[in-house]
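**Student:** There's a structure below that I have some questions on.
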Amino acid sequence: MRDTLLPTAQTTAYAPLAKMLHWTLAVLIIGMTGLGWFMMSVEDDPGSEWYFNLHKSIGVVIVTLVLLRVLWRLTHTPTPLPASMASWEVTAAKIGHGLLYLAMLVMPFFGIVGTLLSKHDSVLFGIALPRMAAPNHDLGEIFFEAHSITAWIFVALIALHALAGLKHLVLNKDGVFQRMWFS
């Protein structure tokens, strides 16, 4: 009888929209990171602006989804983590999630400001956007460097997040991973 009172992955699962946003953003962000590193390796090649414009266009989609996710998160509190988790794990999860959200907001901010300060026109899915700031190469490069550094930090955070999820799935078998998985 006691087992029926314990929360399960089904009763503590995230809402379908939260899951969709999580996994869509995971795929897009991982793809964008790869695209970003690739485009930097070809930035001086003829035609490379296509990759930069694609990166910026997909970035706008990601920022939109991130803002939707933040709005969702602010208005929908997830159910508590299992009581079996150590207090340090709960604290680490909260800090880790906070840092992931911060990176999802700060990294595009740096990229957008760098783009606004760039001498290159901004193009969104093939449509040229009006210039909003005077070009300032040196200042723009500072923001692009911050964008790049944040990307490396973000990759480390994503790796830790994925490893923690796998730990809960394979070692702990406590249903934490299943809360965000499709069922």
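The values are calculated or read from the model by the stated rules, or taken from the named source; none is laboratory data. For clarity, every value in this text was computed on a predicted model and none was experimentally measured. Reconstructed Cβ throughout: ideal geometry from the backbone, glycine too, with neighbour counts over all protein chains shown.
**Student:** Given the criteria buried (at least 16 other Cβ atoms within 10 Å of the Cβ) and either among the aromatic types (Phe, Trp, Tyr) or touching a Leu at 6+ places or on another chain (Cβ under 7 Å) (or both), does residue 68 qualify?
**Tutor:** no
**Student:** Identify all residues within the stretch 47-79 that are over 20 Å from residue 108 (Cβ atoms) and in contact (Cβ under 8 Å) with a residue 40 or more places away in the chain; write none if there are none.
**Tutor:** Correct list: 76, 78, 79.
**Student:** Within the stretch 119-137, identify whether any single residue is of a type in the set (A, V, I, L, M) and at pLDDT 95 or above, and answer yes or no.
**Tutor:** No - not one qualifying residue is present in the stretch 119-137.
**Student:** Now a separate question. With a cut-off of at least 1 residues that are surrounded by fewer than 14 Cβ atoms within 10 Å (Cβ to Cβ), name the helices (runs of 4 or more DSSP H) lying wholly within the stretch 71-183.
**Tutor:** Of the helices (runs of 4 or more DSSP H) lying wholly inside the stretch 71-183, those with at least 1 residues that are surrounded by fewer than 14 Cβ atoms within 10 Å (Cβ to Cβ) span 87-117, 137-166.
**Student:** Select from the stretch 33-56 the residues that are surrounded by fewer than 16 Cβ atoms within 10 Å (Cβ to Cβ), in a helix (DSSP H, G or I) and small (Gly, Ala, Ser) and list them in ascending order.
**Tutor:** The answer is 34, 41.
**Student:** Oh, and also: Take the residues in the stretch 22-31 that are surrounded by 14 or more Cβ atoms within 10 Å (Cβ to Cβ) and out of contact with any helix residue (DSSP H, G or I) (no Cβ under 6 Å at 6 or more places or on another chain), then tell me which one is farthest from residue 101 (Cα to Cα).
**Tutor:** Ranking the candidates gives 24 first.
**Student:** Say whether the condition of being closer than 22 Å to residue 151 by Cβ, free of Cβ contacts under 8 Å to residues at least 12 places away in the same chain and of a type in the set (Gly, Ala, Ser) is met by at least one residue in the stretch 94-112.
**Tutor:** Within the stretch 94-112, one or more residues are closer than 22 Å to residue 151 by Cβ, free of Cβ contacts under 8 Å to residues at least 12 places away in the same chain and of a type in the set (Gly, Ala, Ser).
**Student:** State whether one or more residues within the stretch 136-158 are over 30 Å from residue 90 (Cβ atoms) and in contact with a strand residue (DSSP E or B) (Cβ under 8 Å, 6 or more places away or on another chain).
**Tutor:** No, there is no match, as no residue in the stretch 136-158 is over 30 Å from residue 90 (Cβ atoms) and in contact with a strand residue (DSSP E or B) (Cβ under 8 Å, 6 or more places away or on another chain).
Per-residue answers, yes or no, for (1) more than 17 Å from residue 49 (Cβ to Cβ); (2) under 22 Å from the mean Cα position of the chain (by Cα):
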residue	(1), (2)
72	yes, yes
81	yes, yes
85	yes, no
100	yes, yes
130	yes, no
140	no, no
144	no, yes
156	yes, yes
